[in-house]
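Working notes, beginning with the structure itself.
The numbers here are math on the coordinates, done by the rules we state, and not lab data. Remember, it's a predicted structure, so these values are computed and weren't measured experimentally. Here the Cβ positions follow ideal geometry from the backbone for every residue, glycine too, while neighbour counts run over all protein chains shown.
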Amino acid sequence: MKKNDPYAALRYPAFRIFISTQFVFTIAILIQEISISYYLYLLTGDPLALGMVGIFEAIPYLILVLFGGYLADRYNKVWITRACFSLILLVSVFLVWATFDNGNSGMNKAHQPNAIYIAALLLGIARGLYNPSWNSLKPFLVKPEHYANSSTWSTQFWQSGVIIGPAIAGLLYAAIGLTHTLYLVLVLLLIALTLTFGIKSPSLGKISTEKPLKSVKNGLKYVYQSKVMFYAMILDMVSVLFGGVIAILPVFAEDILHVGAGGLGIMRSAPAVGAVLTILFTAYRTPVKRAWRNMLIAIAGFGLATLLFASSSNFYLSLFALFLTGAFDSISVVIRSTILQTLPAEHMRGRVSSVNGIFVKMSNELGGFESGLAAKLMGTVPSVFLGGSLTLLIAGLVYLKTKDLMPFNLLKYQSENQQDT
């Protein structure tokens, strides 16, 4: 393989199966998530109900994800993933039954919000157990010199799913309704589960003999002692926790911009369109040479784009602002993903992935709850203004704490590490 080959990671068959599985699974989950969240908002008319979905998923995830990292470092990562994908498939069958409507609902509408919360709880359990295994698989599928390239393509395929999933969800919901849209989700989840059988689980290598609790504590300590890993996770968490608006987009679509389910799907796709175009550029010009500087610029840009979205009452300007949030966020994702592939020792990758999963889940699901609660208490638009402002403030504070990391060059670190080994 050529040293500067922008398609290097794609030349590994196992990696191609990995990103294909991730692509199909992402589409399925987002179609389900968006369809159910829009239906829930129509049922309740309450933005806080949207935030509650995040809470019900986040709680079991946060409880289990560190243990999931322990399992990932000791047992077959692919088997764990298959078991959890199977649970997610069963949860999706439950949602079809609970919301089924052919003139008579499968469940009384008054009880449907509770069924959706139960489904979110079960999804949180599955994700808490499979995320560390799935995310720690990637470094075993390509050579170390192609970690940055694999992060670019993995993020690219994921973001492509994030574009397609919401667009399909909005169009299908408007055209054929919730039940038939969820049927498609079942088919896609079954395809994703089948694809996992094309991935061979890597050798476990060095296995820690530590007891589970000590192993988990050592994983937390390992991340905290690495200034780069710790602050990279902090930056990602606070930007999405405060600046993210995804959870309350149904409110903007229905009550502020008045574009309905179809418009919601387009709005959900807009950040991913920005991300995909940006990531295509990063395949040729990587942001990891000046990793920390670029990370801080990306987080600040995300906060500014959030403020632009909050100030907009025009659908197309809102789409542009969402496009920018995705573009800036994708730079952060590529840098953080490369950091998490490059820095951890091989036998620590599952636990490092689980710690990162805590930060991601707190930013996404708890961020969704924060968005819903703030929108209910302050009003939707003021809450988004506050979130964007807090993102900028925290980016500035982290800059002051991490000035010594500004010259950090991930490519140079990789090269030196390979020479040492």
In degrees, nearest ten, helix 291-311 long axis to first principal axis of the chain (Cα):
10
Neighbour-count ranking for 267, 107 (other C-beta within 10 angstrom, fewest to most) reads 107, 267
Rounded to the nearest 20 Debye, what is the dipole magnitude of the chain about its Cα centre when Lys and Arg each give +1 and Asp and Glu each give -1 at the C-beta?
1460
With a 10 Å Cβ neighbour count serving as the proxy for reagent exposure, in which order, fewest first, do 73, 5 appear?
5, 73
Between 225, 112, 156, which gets the highest mean-square fluctuation from a Gaussian network model of the chain, Cα cutoff 10 Å?
225
Residues 96, 355, sorted so that the one with the fewest Cβ neighbours within 10 Å comes first
96, 355
Which residue fluctuates the most in the chain, going by a Gaussian network model with Cα springs under 10 Å, if the choices are 135, 218, 356?
218
Calculate how steeply helix 147-195 sits against the longest principal axis of the alpha-carbon atoms of the chain, using the helix alpha-carbon long axis, and give the answer as 0 to 90 degrees to the nearest 10.
10
For helix 112-135, report the angle its Cα long axis makes with the longest principal axis of the Cα atoms of the chain; keep it between 0 and 90° and round to the nearest 10°.
10
Could you tell me the distance between the Cα centroids of the stretch 228-289 and the stretch 129-196, to the nearest Å?
16
Do any trypsin sites (Lys or Arg not before Pro) in the stretch 1-57 lie in a DSSP loop with no more than 16 other beta carbon atoms within 10 Å, and if so, which?
2, 3
